[in-house]
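Written out below as structure tokens is the structure these notes cover.
The values are calculated or read from the model by the stated rules, or taken from the named source; none is laboratory data. This one's a predicted model, so the numbers in the text were calculated from it and none came from an experiment. For neighbour counting, all protein chains shown are included, and Cβ atoms are generated from backbone atoms with ideal geometry for every residue, glycine included.
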Amino acid sequence: MLERLHLNPIEFLVRDLICITPPYYALYDLALLQNGILEGICFIENNETDEATIISSSEAGRHLAILGSGLLALENEDKSKHYYLVTHATTVYRHKDLTGIQFNQNKAKSKLIGQAKLISLDLKGKTGKVETKLFTEFGRQVFTMEITYQIIKEDIFSRLFQSNYVFAKPSQINNPYTRQIEIDNLRSRKNNLKGDIGVVQPEQCLGHFENFPALPIAILSSAMINLAGKHLKRILKRQNIRYALSKADLAAFRLAFAGERILLNSNYIDTSEFGIQFVVEATNENGVAIGEIGLFFDHVTN
């Protein structure tokens, strides 16, 4: 690894500039490397998914998106607090030799290393883009993600979403990010599978964001991938399989605030040399689009 220029002071600075707090924020030992890359350590928290990978793609996305927002905050010349909202993410799974074998091991507290590199930062356009990578602690690359953000100053965000304000009470609730969101009311028809994850609760959004609880897009994408996995099992008529993504393309259209009911809709698209393709949409109960993910499953195992 490259020589680190800064150690723990970077962590304090980043956490003072972004609007993400624990337990959603779960990065450790942030360091700025010589080439401007921001590096951080994370530990696997959710072992409930059916993805046959060392870490699920959505949990990887959670940690890498936070790391990327930290890098943008460090690069932003305005050192006041901002919201860095993910609007788009493209994911590629890199190491198929980590598939399956690693899945059956005890992953709890397995250490991974994330890196974020700046692609662009447009302060006038209020957007930023980073390239992120996730490695095992032994240096084997697992995921690559290119993530785009909308950047909003804290006071502007508060005005825009004042109707979603909820006074943040001290909470003793356990970390909600160690388990999957349940999908209920499954309805299947031809190449379509629908599901319902219910009304977003403030305790599902801890640390994202204080006083404006919104379901993290990484957690929503986890539910979307889970529904696509259930759809895959129905199509293949194999209920005990595990699977891995080869690539995924996520678009986030708006925040899903506490109090909104979220509906999911999975569509089987095609099977090709790239894998088995699905597109999953998330809307609120009024039909307003929240997010969409197109993905390929290219590894299926028992």
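Return the residues of the range 47-94 that are part of a loop (DSSP other than H, G, I, E, B) and either at pLDDT 95 or above or out of contact with any Phe, Trp or Tyr (no Cβ under 9 Å at 6 or more places or on another chain) (or both); say none if nothing qualifies. Walk me through it before giving the result.
Of all residues in the range 47-94, those part of a loop (DSSP other than H, G, I, E, B) come to 47-50, 52-56, 76-81, 94.
The answer is Asn47, Glu48, Thr49, Ser56, Asn76, Glu77, Asp78, Lys79, Ser80, Lys81.
If you scan the range 16-72, which residues turn out to be under 13 Å from the mean Cα position of the chain (by Cα), farther than 22 Å from Leu232 by Cβ and among the polar types (S, T, N, Q)?
Ser69
Among the residues of the range 38-57, which ones are closer than 27 Å to Leu72 by Cβ and surrounded by fewer than 18 Cβ atoms within 10 Å (Cβ to Cβ)?
Ile41, Phe43, listed by residue number.
Suppose the filter is among the acidic types (Asp, Glu), modelled with pLDDT under 95 and either under 12 Å from Ala258 (Cα atoms) or in contact with a Pro (Cβ under 9 Å, 6 or more places away or on another chain) (or both); does Glu137 pass it? Give the derivation first.
Numbers: among the acidic types (Asp, Glu): yes; modelled with pLDDT under 95: yes; either under 12 Å from Ala258 (Cα atoms) or in contact with a Pro (Cβ under 9 Å, 6 or more places away or on another chain) (or both): no.
Considered against the rule, which asks whether it is among the acidic types (Asp, Glu), modelled with pLDDT under 95 and either under 12 Å from Ala258 (Cα atoms) or in contact with a Pro (Cβ under 9 Å, 6 or more places away or on another chain) (or both), Glu137 comes out as no.
Ile147 versus (1) buried (at least 17 other Cβ atoms within 10 Å of the Cβ); (2) out of contact with any strand residue (DSSP E or B) (no Cβ under 7 Å at 6 or more places or on another chain); (3) of a type in the set (A, V, I, L, M): which is the lone unmet condition?
Every listed condition holds for Ile147 apart from (2).
Limited to the range 19-65, what total is found for residues that are among the charged types (D, E, K, R) and within 17 Å of Thr144 (Cα to Cα)?
Start the filter on the range 19-65 by keeping residues that are among the charged types (D, E, K, R), which leaves 29, 39, 45, 48, 50-51, 59, 62.
Okay, now just the ones that are also within 17 Å of Thr144 (Cα to Cα), so 39, 51, 59, 62.
Residues in the range 19-65 being among the charged types (D, E, K, R) and within 17 Å of Thr144 (Cα to Cα): 4 in total.
Filtering the range 161-190 down to residues that are more than 22 Å from Glu51 (Cβ to Cβ) and surrounded by 13 or more Cβ atoms within 10 Å (Cβ to Cβ), which residue is modelled with the highest pLDDT?
Phe161
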